[in-house]
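S.K.: Take a look at the following structure, please.
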Amino acid sequence: MDALVAEKPFDPIATRSEPPVKTGFLSVVGVGIKLAAQTSLEAKAHIEAADRVFYLVTDPGTEYWLTSLNPAAQSLQSFYEDRSSRLATYLDITEYILEHVRQGLHVCAVFYGHPGIFVFPSHRAVARARQEGFDAVMLPGISAEDCLFADLGVDPARKGCQSFEATDFLIFDRTFDPRNNLVLWQVGVLGEVGYKISLSQEKLEVLKEKLLKAYPADHPLTVYEAARYPVCDPTMLRTTIGELDASMISTISTLFIPPVAQRKPDLDIAKRLGIPEDFIKRRFELSDEEIERLGLD
Ligand SMILES: C[S@@+](CC[C@H](N)C(=O)[O-])C[C@H]1O[C@@H](n2cnc3c(N)ncnc32)[C@H](O)[C@@H]1O
């Protein structure tokens, strides 16, 4: 922990503009959620070209596919064995990746989904590599949330969307607006600092308590799991906040809660922005059903 505190803050924009002075190269890439189907051409090219590929993915199919792209591909899963602290594991993974960059190699670190979303070692490895004078890049991937927007038919730009890691949401009593869409990640490992993977109802009740201060008990909620294989469908379990039960949630579940009610526009602000009143009326004062029926969206 002390090492973490002692480091100077990482500025990704500033470090990127400094020309690299050493020959090792780190690329951190995401392979999406669905096996071999959601990896960008750019990420695939990095995996194929790298001297060493290290990966953390959730299924054996993706492991097999990565090895077929680059026989040097190696899982980082062993770092999780016999460890009680996730932070210690993440720090060790970062260090292991960097050791190979320091040898002057092109190292490609592969994570499922987007490599920069809820993946601690990825940002840290890029930051450390650049601070040490190496070229390092992160390539985006298709995240679970991207799949959710597509499968649940949600446009996050329409009513706004807030996204939180579930434990962080509770511990820091994050402020959110129930008139926006709400996405909660990692509910399956709520309050878990180690590797226990079953969620207790007791812990889930803490989350429900916070949600029930903002939503009625019969407010809808979807327990979502994006398909991990091309032949499979996503799982979308529709329930209510009041009915949500720990047995419905797995380690790969993400919760989606739609907004409580339509937004009420601030007409004074709209006027100051020069937006015509009839536009506001049409766009914001109609119900969602009317907007859709009239094709105004
Ligand atoms: C450590 S985060 C990794 C997120 C990943 N980097 C991404 O971009 O999607 C793990 C969390 O991602 C979400 N997740 C992972 N796989 C998922 C899936 N197949 N469907 C829905 N959510 C998923 C869950 O909220 C899970 O607890």
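S.K.: Going down the table (LYS159/LYS281; LYS159/LYS271; LYS159/LYS213; LYS34/LYS210), which pairs top 26 Å between alpha carbons?
M.R.: Beyond 26 Å: LYS34/LYS210.
S.K.: In addition: Carbon and sulfur: what percent of the chain's accessible surface (1.4 Å probe)?
M.R.: Here carbon and sulfur together make up 55 percent of the probe-accessible area.
S.K.: Could you give the length gained on full extension between VAL206 and GLN131, defined as 0.36 nm per residue of separation minus the Cα-Cα distance, in nm?
M.R.: 23.0 nm
S.K.: A further question on this structure: Sorted by accessible area with a 1.4 angstrom probe, largest first, how do HIS123, HIS46 fall?
M.R.: HIS123, HIS46
S.K.: Computed FRET efficiency, Cβ-Cβ of LEU267 and GLN103, R0 41 Å: what is it to the nearest 0.05?
M.R.: Computed FRET efficiency for LEU267 and GLN103: 0.05.
S.K.: Considering amide H positions built from the backbone, and no H for Pro or chain starts, which residues 5 or more places from PHE25, or on another chain, come under 5 Å of its amide H?
M.R.: Excluding prolines and chain starts, which carry no amide H, the hits are LEU105, HIS106, VAL107.
S.K.: Right, another one. Between VAL193 and PHE120, how many nm apart are label points set 7 Å from Cα along the C-beta direction?
M.R.: Reported label-point gap for VAL193 and PHE120 is 1.1 nm.
S.K.: What order do PHE79, PHE172, PHE134 take when sorted by accessible area (1.4 Å probe), most exposed first?
M.R.: Largest to smallest exposure gives the sequence PHE172, PHE79, PHE134.
S.K.: Still on this structure, please answer the following. Pulled fully out, how much extra length does the chain show between ASP245 and LYS22, if you take 0.36 nm times their separation in residues and subtract their Cα-Cα distance?
M.R.: 75.1 nm
S.K.: On to the next question. Extending each Cα 7 Å along its Cβ direction at PHE172 and ASP92, get the distance between those two points in nm, one decimal.
M.R.: A separation of 2.7 nm, rounded to one decimal place.
S.K.: Please sort 152-165, 99-112 by packing, taking for each peptide the average over its residues of neighbouring beta carbons within 10 angstrom, highest first.
M.R.: Going from most to least packed, we get 99-112, 152-165.
S.K.: Enter the Cα centre distance for the pair region 150-168 and region 123-146, rounded to the nearest angstrom.
M.R.: So the two Cα centres are separated by 23 Å.
S.K.: Chymotrypsin sites (Phe, Trp or Tyr not before Pro), restricted to region 187-262: which are DSSP loop and have at most 15 other Cβ atoms within 10 Å?
M.R.: Passing both the DSSP loop test and the Cβ count: TYR195.
The values are calculated or read from the model by the stated rules, or taken from the named source; none is laboratory data. What you are looking at is a predicted structure, and each value in this text was computed from that prediction instead of being measured. Here the Cβ is made from the backbone with ideal geometry for all residues, glycine too, and neighbour counts use every protein chain on show. Only protein heavy atoms, including side chains, enter the accessible area calculation; ligands, DNA and RNA are left aside. Shrake-Rupley method; radii C 1.70, N 1.55, O 1.52, S 1.80 Å.
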